[in-house]
Each structure stands twice: as C-alpha cells, then as structure tokens.
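Student: The structure under discussion is supplied below as structure tokens; questions concerning it will follow.
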Amino acid sequence: MFRYWGFGLNILSQLEFPELLPKEFETADVTIELGTIPLKLDGDDIAERPFSSVGEKEYILNIKNVCKYYAGYGTKIIAEPEYGIDEKSIRLFLLGTIMAAILYQRGSLPLHAAAVIKNDKLIIFAGKSGAGKSTLTALLASKGYDIFTDDICVMHSGPAGKQGVYCTASYPMIKLWDDAINHLESSEYSRDYKIRPELPKYGQFFFENFSSNQLPIDKIFIIHPAGRSEKITVTKLTALESFKQLELQAYKNQLILSKKLRMVHFGLLSAITKEVPVFEIYRPAMGTNTKQLYEAIKNLL
C-alpha cells in the first residue's frame, strides 16, 4: 500500500499516485482500493442521474470505458477499472470528481479554483473549466509567486485558535494545455508528463515549493472566459454578489444534497464575503491572452 498526503488528508492507497505528496502516517483519513463497487445505493434520499447515483454519504460514478467509482462516508474509495484502461485515466477522475465527493461527505468545500501564495496568504482564481485559472497561475509563478494549488482549493474553518476561513491545497501538480505552454514561452513548463494519453494536456510538478499548510485568503478573483464587453473589465463585488458568485464556483456542486451540508457551506461563504475582497473579471470572447489579463489585475494582487 502507498501512503500520501492530498487535499488535507492522509491517504492510504492500493494505487500508486505520482501526483500526490508521499507521507508517512499511522492512521489514514481515506483509503483507496481496487475492487467491485456496489450495484446501487440504498436509502430514500438517493438522486439517480445519468452515469451516477448521489446520496448524502455515498456516491457512485460510472465513467464509460474508463472506470466505475464508489466514494463512501468521507473515508473510502473503491475503483473498478475497465479492462486494459491506463492508470492515468483512472487517477484523473479519482483526483477530481471522486475526491470532491469525499470532501463534501467530510463537510469541506472544494472550490473550483487555483491559487498562489503572497505573504503567507492566498490569492485565489476561481472559474469554470477553460476560464484560464491554471495558465494565469503559471504566469504568476514565473513572476515570483509560489503556486499553492490548481483546480481544487479546499475551504474549511480555521485551525484551532484561529478564526475565519482557511484553505488547503490539493496536490503539487498544475495542468496546462499544449497551447498554454506555447503561450507562456517558459522553459519551466514541459510536455514530459501527459495527464491522459489522448489529451494534449500536461502535468507540471512543484514538489519542492509545495505547501501543505492551511493558509488564509487575501483576495479572490472570479474569471469568466467569455465577456460581455470589448475589453477586460474588473469589478469589485458586494458581499451579496460575492456570495452568489462563489456559490456557483463550488467544484461539482451537484454533489451537495443535504440541508446540513448546505448550512455548513453557507457559513463558510458568509465568513469569506465578510472578510475577503472578491473581484469579477470579464474578458472578450476572442483576442485576450493571459499576459493582458495579468496587466489588468497586477495592481490588485
């Protein structure tokens, strides 16, 4: 069995994960096994959806021709791969949707966001896939910022004795599309590690500078990939507008079913919007590159 740290959790796994941080520990928070998943979930509160079943404490996902997954009670993952499928594809969905289900089951809020560190606080970039979060984060790394996380930023109440909302990173890898690597024009980013055989997307590891510490938030930017104006616009949101926008950025928010979990997330988002400035970025649908985006916000960083 392999031992790792990821998403703020000690993970004991039958599968090897080069993306995760190796760590020795005695007690696991989450176990990952290869095996046969349950045929269905029991209970009256099960939401049946195409290729998935969602309950308050259990989740089944079927990725056709890749793998079937089970996530239960915030502590256990079972993967049932299709014959002959590559392990990178198995890990890709497990480190995304399945870990999000585990985090929700444990009462955390996985935000669809990347983040960099500035003065021991986080600058967070939230937004849907394709918004440019990862590329902007990679650009900031070349300007002296330390990358904190990519794709998922885990939000939770502060550690003992500290108030407010803190964040934990997912794991020390950032994913960049082929055209993003071309655009960044930096020898720091390579095509050595393809995250899935058929995708022109590549993992960039940052183990040496990775922080597993819980850190507070300095500010949040929400990026919209297609704008409603002819130039980049940056607007500071009110607390109410911030709450509404951040609610939409919860990673795989269709997994949030229970009233109890919604109340936990309400408390986290309310605390954030009281203390943290949130900015909304719109950019034109065509003709905007990451360097222009950086120029538009650099005085706010």
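Read the figures in this text as sums done on the coordinates, not as results from a lab. The structure presented is a predicted model; accordingly, all values stated were derived computationally and were not measured. Cβ atoms come from the backbone with ideal geometry, glycine included; neighbour counts cover every protein chain shown.
Student: Where is the GNM fluctuation largest for the chain (alpha-carbon springs, 10 angstrom cutoff): 60, 102, 46?
Tutor: Maximum among the listed residues: 46.
Student: Here's something else I'd like to know. Mind checking segment 208-268 for trypsin sites (Lys or Arg not before Pro) that DSSP puts in a loop (not H, G, I, E or B) and that have at most 16 other Cβ atoms within 10 Å?
Tutor: Values: sites: 219, 228, 231, 236, 244, 252, 259, 260, 262; in loops: 228, 231, 252.
Answer in residue order: 228, 231.
Student: Then there's this: Work out the charge dipole of segment 73-146 with +1 on the Cβ of Lys and Arg and -1 on the Cβ of Asp and Glu about the Cα centre, then indicate which of 138, 122, 93 is farthest towards its positive end.
Tutor: Going by the charge dipole, the pick is 122.
Student: So, one more: Any aspartates and glutamates with Cα under 14 Å of the residue 121 Cα? List them, leaving off those in the same chain fewer than 8 positions away.
Tutor: 146, 218, 275
Student: Now, a different point. Based on DSSP loop calls and a cut-off of at most 15 other Cβ atoms within 10 Å, the longest stretch of the chain free of exposed GluC sites (Glu not before Pro) is what? Write out the running numbers ahead of the final one.
Tutor: On the way: sites that count: 16, 24, 26, 82, 185, 188, 198, 230.
Looking at the chain, 83-184 is the longest stretch - no exposed GluC sites (Glu not before Pro) with at most 15 other Cβ atoms within 10 Å.
Student: While we're on this one: For the chain, with a Gaussian network of springs between Cα atoms less than 10 Å apart, report the residue from 63, 147, 32 with the top mean-square fluctuation.
Tutor: Greatest mean-square fluctuation among the candidates belongs to 63.
Student: Enumerate the aspartates and glutamates that residue 260 could reach by cross-link, defined here as Cα to Cα under 16 Å, with residues fewer than 8 away along the same chain left out.
Tutor: Reachable aspartates and glutamates: 45, 56, 58, 247.
Student: Just how large is the dipole of the chain about the Cα centre, in debye to the nearest 20, putting +1 at every Lys and Arg Cβ and -1 at every Asp and Glu Cβ? Provide the component values of the computation, followed by the final result.
Tutor: Working: 35 positive and 34 negative charges, 176 e Å.
Here the size comes out at about 840 debye.
Student: So, one more: Within segment 28-99, list the chymotrypsin sites (Phe, Trp or Tyr not before Pro) lying in a DSSP loop whose Cβ has at most 10 other Cβ atoms in a 10 Å radius. Kindly include the intermediate steps, with their values, before the conclusion.
Tutor: Working: sites: 51, 59, 69, 70, 73, 83, 93; in loops: 51, 73, 83.
Counting only loop positions with at most 10 other Cβ atoms within 10 Å, the chymotrypsin sites (Phe, Trp or Tyr not before Pro) in segment 28-99 are 51, 83.
Student: In this model, which of 175/219; 143/236; 68/291; 57/128 are farther than 30 Å apart at the alpha-carbon?
Tutor: Working: 175/219 23 Å; 143/236 24 Å; 68/291 40 Å; 57/128 26 Å.
Distance filter (> 30 Å) returns 68/291.
Student: Fully extended, how many nm does the chain gain between residue 234 and residue 65 (0.36 nm per residue separation, minus their Cα-Cα distance)? The partial results should precede the final answer.
Tutor: Details: separation 169, 0.36 × 169 = 60.84 nm, distance 4.20 nm.
Working it through step by step, the gained length comes to 56.6 nm.
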